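Comments concern the structure below.
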Amino acid sequence: MHINVHYAIGVVVASISHYFLNLNLIEYSLIIFCAFIIDFDIVFSKYDKDNNHRNLITHSIWPGSVMLLVGLILLYPLIVICGAVLIIHILIDTFDWGINLFYTGKTIGVRLLISREEEKNIKEILSNYKVGHSFFVFRYYGSKGFVSVEVIVFVLMMIANIFLAVEFWYLVLPYFFFFGFHFYEYKKLKNIENS
Ligand SMILES: [Zn+2]
């Protein structure tokens, strides 16, 4: 899902963790950071043959699993939680387009936004758009289910932050930046496709 959703889930997990572990600012921020940072592997997209960052090892189950294991061995709760949020990010990404989950080259996931048929004809489908990326963006925001999840996760983030970690209220602000990035992209592509 979009990076703002991952960010919001990071805030939820960090806020619940804060309730139990009384985290400091750096620890609270670190959990949120681990929830969204792997989406920045998009800058390494060129290293995948399909230029898809979700095929890179960073978007597989392994980095989170290693971190989780290290945390368990060291009995260090913060590392365990960071490993868990990395894995949560990966599992969430299996629901929309799927990912190279085990880094075996096979895209795995529920893949609610694309059918097998569409995947086979993806080149033809993308050629119907002025910008191929429009297909993915319109499909995402055109899905009532995904838009509903966006809203629910946003509300959960606000509730968790206000009731469990209000001293870190300002750490919800980057959410709006990430949401704005995706929404601006959507509006821009709408204009291009309608022009
Ligand atoms: Zn992702």
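Readers should treat all values here as calculations from the given coordinates under stated rules, not as data from a laboratory. Because the structure is predicted, anything quoted here is derived from the model rather than measured. Heads up, the Cβs are rebuilt from the backbone with ideal geometry, glycines too, and the neighbour counts pull from every protein chain shown.
Contact annotation: residue pairs with Cβ atoms under 6 Å, 6 or more positions apart or on different chains, pairing a residue in segment 161-189 that is of a type in the set (Gly, Ala, Ser) with a partner that is crowded, with 16+ Cβ neighbours inside 10 Å, are Ala165/Ser15; Ala165/His18.
So, Lys144, is that one among the basic types (Lys, Arg), over 28 Å from Ser65 (Cβ atoms) and away from the ligand (no atom under 16 Å from the Cβ) or not? Criteria met by Lys144.
Lys123 passes every criterion in (1) within 17 Å of the chain's Cα centre (by Cα); (2) exposed (fewer than 15 other Cβ atoms within 10 Å of the Cβ); (3) outside any loop (DSSP other than H, G, I, E, B) apart from (1). For segment 107-117, filtering for residues that are surrounded by 15 or more Cβ atoms within 10 Å (Cβ to Cβ) and away from the ligand (no atom under 16 Å from the Cβ) leaves 0. Candidates Asn128, Asn161: the one that is outside any helix (DSSP H, G or I) and of a type in the set (S, T, N, Q) is Asn128. Candidates in segment 34-67 are the residues that are away from the ligand (no atom under 14 Å from the Cβ) and closer than 13 Å to Gly83 by Cα; of these, the one that is surrounded by the most Cβ atoms within 10 Å (Cβ to Cβ) is Met67. Any residue at all in segment 118-131 that is within 16 Å of the ligand (Cβ to nearest atom) and closer than 23 Å to Ile42 by Cβ? No, segment 118-131 contains no residue that is within 16 Å of the ligand (Cβ to nearest atom) and closer than 23 Å to Ile42 by Cβ.
Only one of the listed residues (Tyr76, Tyr47, Tyr28, Tyr7) is free of Cβ contacts under 8 Å to residues at least 24 places away in the same chain and within 26 Å of Glu167 (Cα to Cα). That residue is Tyr76. Entry remark, segment 116-150: residues being among the hydroxyl-bearing types (Ser, Thr, Tyr), over 20 Å from Asn4 (Cβ atoms) and in contact (Cβ under 8 Å) with a residue 12 or more places away in the chain number 1 in total. In segment 131-158, the qualifying residues are those that are in a helix (DSSP H, G or I) and over 17 Å from the mean Cα position of the chain (by Cα), and the one that is farthest from Asp50 (Cα to Cα) is Met158. From the set of residues in segment 78-106 that are small (Gly, Ala, Ser) and away from the ligand (no atom under 15 Å from the Cβ), which is nearest to Lys144 (Cα to Cα)? Here the answer is Ala84.
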